[in-house]
Amino acid sequence: MKIPLPIPFISSTLFHLYKIWCKTLRYEEVGREKLDELWDTKTPMVTCLWHDELFPLMHARRQLEIIAVVSQSSDGEILAQVLEKLGLLTSRGSSSRGGVKALLRVARTMKTSGHIGCITIDGPRGPRHVAKEGAVFIAHRSNAKIVPVRIAMSKTYIFKKAWDQFQVPLPFSKVKIIFGEPYDLEAGSLNDEYLEKERKRLEGKLEALL
């Protein structure tokens, strides 16, 4: 009979492994100055990326204070603990459990403490590279700009059986983080038609970056 390892032990081990792993990677950042300018002027923003490209991003956080949306699954609990050890805040929720509360918590934190929102817009269960409405909801509630982000990795291990085909950059590979042009949502009420229009707009901007 196998005894499952406790989540705090797993998250602590992954945290230390992540720090060591990312130090071997060769990072290049494109358009980062746009993000830093918004941060310096205390402009609210939501950074948006695909779930499968998440792995290398948080190592490049530096001075930025971030709150990320993380699912309420057991895997999400491990991820949340790792992110918190890396210095991020997390808001737990998904499309099936606590989603709206989690998004409202992010918007509120952005307003009160100036954190940047961060969301993998096709997570936590896909479909892969199909944007959901969460980022639009947060940006509308907090009057924030949206910053699309793509990450290209030169050599990766891909979890092909995972819904998102999650990518992990191999040690000593190149990681290119591309920050797209920050943009504002169009004026309008937060109804289904508006959410669908802005969701597709964000999806197109992400796809155009790579």
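Of all residues in the range 140-162, those satisfying the criterion of being open to solvent by less than 40 Å² (accessible area, probe 1.4 Å) and either of a type in the set (D, E, K, R) or in contact with a Cys (Cβ under 9 Å, 6 or more places away or on another chain) (or both) are Ile146, Val147, Pro148, Val149, Arg150.
Looking only at residues of the range 1-52 that are under 30 Å from Ala144 (Cβ atoms) and among the polar types (S, T, N, Q), we find that the one that is surrounded by the fewest Cβ atoms within 10 Å (Cβ to Cβ) is Thr41. Here Trp21 meets each of (1) touching a Phe, Trp or Tyr at 6+ places or on another chain (Cβ under 8 Å); (2) modelled with pLDDT of 95 or more with one exception, condition (1).
Put simply, of Val69, Val82 the only residue that is over 30 Å from Lys200 (Cα atoms) and within 15 Å of the chain's Cα centre (by Cα) is Val82.
Evaluation of Ile119 against the conditions (1) β-branched (Val, Ile, Thr); (2) free of Cβ contacts under 8 Å to residues at least 24 places away in the same chain; (3) open to solvent by less than 40 Å² (accessible area, probe 1.4 Å) shows that the sole unmet condition is (2).
Inspection of the range 151-161 finds a residue satisfying the criterion of being under 13 Å from Leu206 (Cβ atoms) and modelled with pLDDT of 95 or more.
Can you tell me which residue is farthest from Phe137 (Cα to Cα) among those in the range 75-97 that are open to solvent by 20 Å² or more (accessible area, probe 1.4 Å) and part of a strand (DSSP E or B)? Per the stated criteria, the residue is Leu89. In the range 51-63, the condition of being in contact with a His (Cβ under 9 Å, 6 or more places away or on another chain) and charged (D, E, K, R) is met by at least one residue. Got at least one residue in the range 34-43 being at positive phi and in contact (Cβ under 8 Å) with a residue 12 or more places away in the chain? Yes, because at least one residue in the range 34-43 is at positive phi and in contact (Cβ under 8 Å) with a residue 12 or more places away in the chain. Scanning the range 167-197 for residues that are more than 15 Å from Leu49 (Cα to Cα), among the acidic types (Asp, Glu) and in contact (Cβ under 8 Å) with a residue 24 or more places away in the chain returns Asp184, Glu196.
Regarding Leu104, is this residue under 27 Å from Glu196 (Cα atoms) and open to solvent by less than 40 Å² (accessible area, probe 1.4 Å)? So Leu104 fails the test.
Residues that are in contact (Cβ under 8 Å) with a residue 60 or more places away in the chain, open to solvent by less than 40 Å² (accessible area, probe 1.4 Å), of a type outside the set (D, E, K, R) and not in a loop (DSSP other than H, G, I, E, B) do occur in the range 58-74.
The values are calculated or read from the model by the stated rules, or taken from the named source; none is laboratory data. All values derive from a computational prediction rather than experimental measurement. Glycine gets a Cβ as well: all are built from the backbone with ideal geometry, and neighbour counts include every protein chain shown. Ligands, DNA and RNA are excluded from the accessible area calculation, which covers all protein heavy atoms including side chains. Shrake-Rupley method; radii C 1.70, N 1.55, O 1.52, S 1.80 Å.
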